[in-house]
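As structure tokens, the structure follows; a few thoughts come after it.
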Amino acid sequence: MATIKKRGKSYSIRVSCGYDMQGKQIVHSITWKPEAGMTAKQEEKEVQRQAVLFEDRCKKGLYLNGNIRFADFVERWFVDYAEKQLKATTLCRLRYTLEQANKAIGHIPLEKLQPIHIMHFYDNLAENGIKHTAAYSIKVDLKALLKQRGYTYQQLADLAGLHVSTIHKICNHSTTYPKTAQKVATALGYDVEELFIYHVEQTKLKSSTIRTYHVAISTVLSSAVQWQIIASNPCERLKPPKIDTKESKYLDEKQALYMLDCLSNEPLQYQTLITLLVYTGMRRGEAFGLKWSDIDFDNKVITIQRTLLYTADKGLFEDTPKTASSNRMIKVAQEPLKLLKKHKIEQTARRLQCGDQWYHNDYVFSAWNGKAMHPSSAGSWFKNFLKRYDLPPITLHSLRHTNASLLIANGINITTVSKRLGHANTSITTSVYAHAIKTADEIAADTLENIFKMK
């Protein structure tokens, strides 16, 4: 039974929840303050209601008081909310971000956490040398070593539990993560120091990265407010880190045409993938998650109903699209459909050659044995392709920006573009592609001027 005591203009509500292992009584309490203008009768009725609600929360184990440390609440937040509501990739990012935040503010009780504590953390993140990137690079001729052992890249990848594209990168002297280097060394029977050189790069965090810390901390503290653990969110009483905005990278019309022309000399699967991304603007994960059953060649429509993602702990996995509006049907032009048909014929021939080794996943874009294609392998190929043809250094995601920018610049309305991209609302499209909208607006103004001059 809750007990209520009036203290000045507020009320103290206390609930006993039994005893702990040391025989000490467990008591939870909150303070409730009536709203201005309430009558004595209204106060009495409302405080009784608050007492019943509070007692119910305590009995159900839903009450946490403000003395709980930020780090402890974060763990509770992950269990009670994040793990049930958020996607795996978002969870992975949040875990890393909040682990770093815990090092600075994790020891502080929620009720004592002030904006100044968070501001000091942001200031620390902005200092030079705060980012320590640990990486390994190969110091031996790995290609020669594999030849000596009689291993192919794929065999080493299987032994190490890695993707074959990672082995390619290491052989070409790209830096890699410590865990990856350890896996390669173990697979070959070496100590990691015998094969790799260890590097530590000290750099400054980008303002956009610091902003992600602010968003993560504020999200957690907003839940604490909603759960009535603290009265307000300290993050709302400080200005978030300012982002140095950069325009999204994309190809203009001439560059896009040149790129598509260059693709004719490349492997059919990559030619099909890049052309499809340019023509549809779908997300990278949506393209890799495509299955042949999603393509209606007769009606020239592709249905987006899954995405293929990767995290270090789960590997490659299928998930639902990013938002509800990302589940969509896209009308496709004739050119990518022609390439898809050719690619399907080529993939069928490869499947017949593989026989029992083929994985029947039905993925449109696949590895040599039918397994899902790893996004990083296509990203590596695309990077080298751009270099060979002296094209700007963009990413696969930049092709989405290219698609949207070209559509807007050529007069396609924002609503149509937004639906094709799978954005939750048109305001996102307007915000991301402001540069294209500005260009289209300038063209519209010039067009009107020319019309009136003619008259």
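All of the numbers you see were taken from the coordinates with simple rules; none came from a lab. If you're wondering where the values come from, they're calculated on a predicted model, not measured in any experiment. Please note: Cβ atoms are built from the backbone with ideal geometry, for glycine as well, and neighbour counts cover all protein chains shown.
When the C-alpha to C-alpha distance is required to be over 22 Å, the pairs from 254/342; 242/387; 84/322; 24/59 that qualify are 254/342; 242/387. Evaluated with a Cβ-only charge set (Lys, Arg +1; Asp, Glu -1), the range 253-432 carries a dipole of roughly 120 debye about its Cα centre, given to the nearest 20.
For residue 9, the aspartates and glutamates whose Cα comes closer than 19 Å to its Cα, not counting residues fewer than 8 places off in the same chain, are 35, 43, 44, 46.
Per residue of the chain, what 222 nm ellipticity follows from adding -39500 (n - 2.57) for every DSSP H run with n ≥ 4, rounded to the nearest 500?
Helix contribution divided over all residues of the chain: -15500 deg cm²/dmol.
Placing a pseudo-label 7 Å from each Cα along the Cα-to-Cβ vector at residue 199 and residue 353 gives an inter-label distance of 3.6 nm. Here's how it looks for residue 328: its modeled amide H is under 5 Å from those of 304, which are all 5 or more places away or on a different chain. Ordering 343, 263, 321 by the projection of their Cα atoms onto the charge dipole of the range 253-432, which places +1 on the Cβ of Lys and Arg and -1 on the Cβ of Asp and Glu, puts 321 at the extreme positive end.
Once the Cα atoms of helix 88-105 and of the chain are each reduced to a long axis, what angle between those two axes, in degrees from 0 to 90 to the nearest 10, is obtained? The helix 88-105 is inclined about 50 degrees to the chain.
Shown in residue order for the range 298-304 are the 3J(HN,Hα) couplings computed by the Karplus curve 6.51 cos²θ - 1.76 cosθ + 1.60 at θ = phi - 60°: 5, 9, 6, 10, 10, 9, 9 Hz (x for Gly and Pro).
Scalar couplings 3J(HN,Hα) for the range 138-152, obtained by applying the Karplus form with A = 6.51, B = -1.76, C = 1.60 to θ = phi - 60°, are 5, 10, 10, 7, 5, 4, 5, 5, 5, 5, 5, 7, x, 9, 8 Hz; x denotes Gly and Pro. The calculated FRET efficiency for residue 85 paired with residue 291, based on their beta-carbon distance and R0 = 30 Å, is about 0.65. How far is helix 253-262 tilted, in degrees, relative to the longest principal axis of the Cα atoms in the chain, given as a value from 0 to 90 rounded to the nearest 10? Between helix and principal axis, roughly 60 degrees. The lysines within cross-link reach of residue 143, meaning a Cα-to-Cα straight distance under 19 Å and a gap of 8 or more places when in the same chain, are 169, 183. Among the chymotrypsin sites (Phe, Trp or Tyr not before Pro) in the range 362-428, those located in a DSSP loop and surrounded by at most 15 other Cβ atoms within 10 Å of their own Cβ are 368, 389. Relative to the longest principal axis of the Cα atoms of the chain, the long axis of helix 334-354 lies at roughly 80 degrees. What you get for the chain, charging only the Cβ of Lys and Arg (+1) and of Asp and Glu (-1), is a dipole of about 680 debye around the Cα centre. Computed from phi, the 3J(HN,Hα) profile of the range 164-172 under the Karplus parametrisation 6.51, -1.76, 1.60 (θ = phi - 60°) reads 4, 5, 5, 5, 4, 4, 5, 4, 8 Hz, with x in place of Gly and Pro. Taken about its Cα centre, the range 142-290 carries a charge dipole of roughly 360 debye when the Cβ of each Lys and Arg holds +1 and the Cβ of each Asp and Glu holds -1.
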